[in-house]
Amino acid sequence: MERRKFFKSVGLVTAAAYISPKLFGNDQVSVKASGIEGVPAPEFPALPFAYNALEPYIDARTMEIHYDKHHRAYYTNFLNAIKGTPLEGKPLSDIFAAMSKQTDAVRNNGGGYYNHLFFWNNLSAKSSGPSADLSAAITKSFGSVDKFKEAFNTAAKTRFGSGWAWLYFGADKNLAIASTPNQDNPLMDISQVKGTPLLTLDVWEHAYYLKYQNKRPDYIDAFWNVVKWEEVNRRYQAALEG
Ligand code: MN3
């Protein structure tokens with residue numbers, strides 16, 4: 001991607017234009033409809049890093065196809081699915097909270113658009129670690145940060161077929177781990193697990209097959225080298241302040 005275009009689009013992702021107020025999920029989970037939970041961007045949002053930025057953990061070729069083909073198709077198909085309907089101009093958080101009333105096209109493409117945007121935003125070449133507050137919450141819920149990673153890895157490894165692993169903040173104010181099938185996510189009312197997502201990992205084969213082939217566990221292990229903890233910490237703090 002051209003550098004100028006890259007920076008211009010990154011600006012778009014964080015532009016205040018997408019911030020819209022309010023949102024309540026079906027079981028009292030509240031998520032602020034700002035940032036990526038807000039109204040879909042009018043242009044396909046830029047990847048917040050270069051294709052090769054996460055090498056060797058995620059290879060450039062996979063990143064390029066994943067972002068430019070898979071993610072772009074979800075974005076385009078989602079906008080087409082909501083065009084001219086009452087969903088046009090609505091925040092994603094509102095659409096997800098009433099997903100049981102929508103078509104499969106809205107569910108699959110809306111989820112695919114959002115989940116990938118979320119995923120890119122929780123990846124970075126420079127990985128740090130959980131904040132003191134988040135570490136304490138992780139230890140309370142899972143025993144230790146290492147045990148949390150083990151539980152997350154298990155959720156990611158055992159998702160049969162295609163889907164996503166999540167760390168999320170539940171309505172009970174506790175952290176939890178789960179996986180969702182296909183392009184579902186914990187913001188959707190039709191999801192078996194509901195809450196505010198804090199961290200995710202794409203475990204569809206297209207996310208790792210070129211480099212890891214059938215070795216999904218190796219891809220999952222590599223993921224921890226590129227987790228953007230600053231973003232997980234920020235989302236945790238925002239969820240606490242709810
Ligand atoms: Mn994917």
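The values are calculated or read from the model by the stated rules, or taken from the named source; none is laboratory data. On a predicted model such as this, the values are computed, not experimentally measured, just so you know. Glycine gets a Cβ as well: all are built from the backbone with ideal geometry, and neighbour counts include every protein chain shown.
Considering ALA171, ALA176, ALA165, which residue is of a type in the set (Gly, Ala, Ser), farther than 18 Å from TYR113 by Cα, assigned by TED's automatic domain parsing to the domain that holds PRO217 and modelled with pLDDT of 95 or more? On inspection, the qualifying residue turns out to be ALA176. Tallying residues that are touching a residue at least 40 places away in the same chain (Cβ under 8 Å) and either among the basic types (Lys, Arg) or surrounded by 21 or more Cβ atoms within 10 Å (Cβ to Cβ) (or both) within segment 176-185 yields 3.
Scanning segment 140-153 for residues that are exposed (fewer than 15 other Cβ atoms within 10 Å of the Cβ) and outside any loop (DSSP other than H, G, I, E, B) yields LYS140, VAL145, ASP146, LYS147, GLU150. Scanning segment 60-80 for residues being buried (at least 18 other Cβ atoms within 10 Å of the Cβ) and farther than 17 Å from PHE118 by Cβ gives a total of 1. What's the number of the condition ALA105 fails, among (1) more than 16 Å from the ligand (Cβ to nearest atom); (2) under 26 Å from TRP229 (Cβ atoms)? It is condition (2) that ALA105 fails. Of the residues LYS126, LYS90, LYS101, the single one that is surrounded by fewer than 21 Cβ atoms within 10 Å (Cβ to Cβ) and closer than 27 Å to LEU175 by Cα is LYS126.
Condition test on ASN121, is it closer than 17 Å to TRP166 by Cα, in contact with a strand residue (DSSP E or B) (Cβ under 7 Å, 6 or more places away or on another chain) and within 16 Å of the ligand (Cβ to nearest atom)? Criteria not met by ASN121. Within segment 124-164, the set of residues being of a type in the set (A, V, I, L, M) and within 16 Å of the ligand (Cβ to nearest atom) comprises ALA156 only. Filtering TYR236, TYR219 for residues that are more than 16 Å from the ligand (Cβ to nearest atom) and assigned to a helix (DSSP H, G or I) leaves a single hit, TYR236.
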